[in-house]
Amino acid sequence: MQFYQNTWLRNYLYPVCDWPGPGCKIVCHRLSTYRSLHKKTKCFARAIKRFEDKELFIKLDDDALVDIDYVIGLIKKYQEYHKPVYISDHQRAGSRKYPDALNGVRYGNGKFYMFNRKLVQCLDLDIKYRGSRNEDSVFGGMVSNGCGENNVEYVQEDDRWIWHKEYTNKNKHIDLSFIKNH
């Protein structure tokens, strides 16, 4: 989190934390592990519904980096957009183990997704599914169940401006996943 607090995101960063602490603006009050991130996603979705003065949201993995000019371009294009917008690298979920509401749902790759207030307003926060599931497919399920897939503008992200796990440009190389738990 310190990396992002030292960037242009500082005033706009709303980390989702397990427990209260410095810089935590959204607190879930539960330990999150890789297998319980779907619960943290539901906590995050409930929390952002309360941010009624925010129009656009970005969910970004802690080992990802996005070009600021790319984000500003998306903001300009989708600010006050007429329908729910969901920007990411979309794919379809499937589970033979748990055939339920998340099967076949369209969801964004977790490294980056951006969406608007209209999408937040129609999220199904009470989605039912079985087992520990991929947090991004759970978010996609909340979108699909609550907003209706045909009512959402799904926009493909441009991966030239999004770096995951590592950033390499000219003579610079940064390991974005230096944290021990990655």
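Looking at segment 126-138, is at least one residue crowded, with 16+ Cβ neighbours inside 10 Å, at pLDDT below 90 and part of a helix (DSSP H, G or I)?
yes
Does PHE115 satisfy the criteria of being under 14 Å from LYS59 (Cβ atoms) and in a strand (DSSP E or B)?
yes
Would you mind finding the one in ILE72, ILE127 that is out of contact with any strand residue (DSSP E or B) (no Cβ under 9 Å at 6 or more places or on another chain), over 23 Å from GLY148 (Cβ atoms) and of a type outside the set (Gly, Ala, Ser)?
Within the list ILE72, ILE127, the selection yields ILE72.
Could you grab me the full set of residues in segment 150-162 that are at pLDDT below 95 and part of a helix (DSSP H, G or I)?
The answer is ASP159, ARG160, TRP161.
Within segment 166-178, track down each residue that is assigned to a loop (DSSP other than H, G, I, E, B) and exposed (fewer than 14 other Cβ atoms within 10 Å of the Cβ).
LYS170, ASN171, PHE178
When you look at TYR113, is it surrounded by 13 or more Cβ atoms within 10 Å (Cβ to Cβ), touching a residue at least 40 places away in the same chain (Cβ under 8 Å) and over 15 Å from the mean Cα position of the chain (by Cα), yes or no?
no
Could you list all residues from segment 139-154 that are open to solvent by 20 Å² or more (accessible area, probe 1.4 Å), touching a residue at least 60 places away in the same chain (Cβ under 8 Å) and not polar (S, T, N, Q)?
Result: GLU153, TYR154.
Every residue in segment 46-95 that is in a loop (DSSP other than H, G, I, E, B), among the hydrophobic types (A, V, I, L, M, F, W, C) and open to solvent by 20 Å² or more (accessible area, probe 1.4 Å), please.
Passing the criteria: only PHE51.
The values are calculated or read from the model by the stated rules, or taken from the named source; none is laboratory data. What you see is a predicted model; the values in this text were computed from it and never measured. Positions of Cβ are generated from backbone atoms using ideal geometry, with glycine treated the same way; all protein chains shown enter the neighbour counts. Areas reflect the complete protein model, heavy atoms only, side chains present, ligands, DNA and RNA absent. Shrake-Rupley method; radii C 1.70, N 1.55, O 1.52, S 1.80 Å.
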